[in-house]
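The values are calculated or read from the model by the stated rules, or taken from the named source; none is laboratory data. Nothing here was measured: the structure is a model prediction, and the numbers come from that model. With ligands, DNA and RNA removed, areas are computed over all heavy atoms of the protein, side chains included. Shrake-Rupley method; radii C 1.70, N 1.55, O 1.52, S 1.80 Å.
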Amino acid sequence: MDVSTLYLYALAAAGCGVLLSVVFSDLVPGVDQIFHPTLILSFVILTSAFGFGLEHLTAMSSLAILLLSGFTSLILTTLLHLFIFVPLAEAEQSLGFSEQMLEGRSATVVLSIPSDGYGEILVDDVSGRISKSAVLFEGPPLDQGTKVIIIEIKQGVAHVMTYPNQWKEEMFV
């Protein structure tokens, strides 16, 4: 069997492994903490792809091609881990928020809310500003710039009301 055929088989097997890893990754919890299947399979894919290409494009020995493609794959897989996987894992934990976390928070009306329709509010948060569609929970229509409190969120729409007068005097003066 030719060496380039082995590279091609390894490439196909690693590609099938990626597909299986994506489909069945949730069946075995914690497997990515023991070893990282994505990194291992990406190393095999890159090594076999470089090896297959170098076998057809150069006249180097098969051992030299294996070592060169393995070293190149190791560098690229390390860069993939450091600059893609690690930031994605950290971003997933820090950027997520629940809409229910917005209940009870204050916001500002940016698009007037009529008594029987939709408007828009803006919630200031530590990580930025969150814009939500809004309807009235109770009370008169609200103009732009009005300070409101989010009572509840149903189906992605904030139900808001203006602060009672005694709260306005204490909080916004």
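In µm²/s, what is D for segment 41-91 at 20 °C and 1.002 mPa s, where D = kT/(6 pi eta Rh) by Stokes-Einstein and Rh is the Kirkwood radius from Cα pairs?
184
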Using modelled backbone amide H atoms (1.01 Å from N, in-plane), which distant-in-sequence or interchain residues come within less than 5 Å of MET161's amide H? PHE137, ILE149, ILE151
In percent, what relative contact order does the chain have, based on Cα pairs under 8 Å that are 6 or more apart in sequence? 14
Provide the gained length on full extension for the span LEU68 to SER25, in nm with one decimal, where the gain is 0.36 nm per separating residue minus the Cα-Cα distance. 12.4 nm
C-alpha center-to-center spacing [segment 54-80, segment 1-17] in angstrom: 14
Provide the solvent-accessible area of LYS147, counting protein heavy atoms only and rolling a 1.4 Å probe, rounded to the nearest 10 Å². 90
Looking at the chain, I'd like the Rg to Rh ratio, where Rg is from alpha-carbon atoms and Rh is Kirkwood's inverse mean 1/r. 1.33
How large is the accessible surface of MET101 in square angstrom, using a 1.4 angstrom probe and rounding to the nearest 10? 120
The Cα extents of segment 1-92 along the principal axes, largest first and rounded to whole Å, are 45, 25, 18
Note on the chain: helices (DSSP H) long enough, at least 15 Å by alpha carbon along their axis, and hydrophobic enough, mean Kyte-Doolittle at least 0.5, are 3-24, 37-57, 62-80
Quick one, can you get me the convex hull of the C-alpha atoms of segment 108-164 expressed as volume per residue in Å³? 76
